[in-house]
1. Fully extended, how many nm does the chain gain between residue 18 and residue 42 (0.36 nm per residue separation, minus their Cα-Cα distance)?
2. Measure nothing but the geometry: give the 0 to 90° angle between the long axis through the Cα atoms of 3-36 and the longest principal axis through the Cα atoms of the chain, rounded to 10°.
Amino acid sequence: MTKETRRTALAAAAIFLLFLVGWIFIPGLVLAAAEISPWLGVVVAALFVLTFPAIFWLRSRHNRRIEDKVD
């Protein structure tokens, strides 16, 4: 495993573990938001779910830009 692939794997693992911990707290957050407004609960849940692929998408864009500058 090269240094770059190790860094990528560690970053992906850290992001994944962060979201696993988030799954523990999200039901309480959604229920608290839903007490204010049911639509707010839906928005909180949707933002949490959509954040997971968005982080990996942004990370890949960042890495692509770095690779373009190096080449």
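1. Numbers: separation 24, 0.36 × 24 = 8.64 nm, distance 2.11 nm.
6.5 nm is the gain from fully extending residue 18 to residue 42.
2. Approximately 10 degrees, to the nearest ten.
Each value in this text was obtained by applying a stated rule to the coordinates, not by laboratory testing. Model, not experiment: these values are computed from the prediction.
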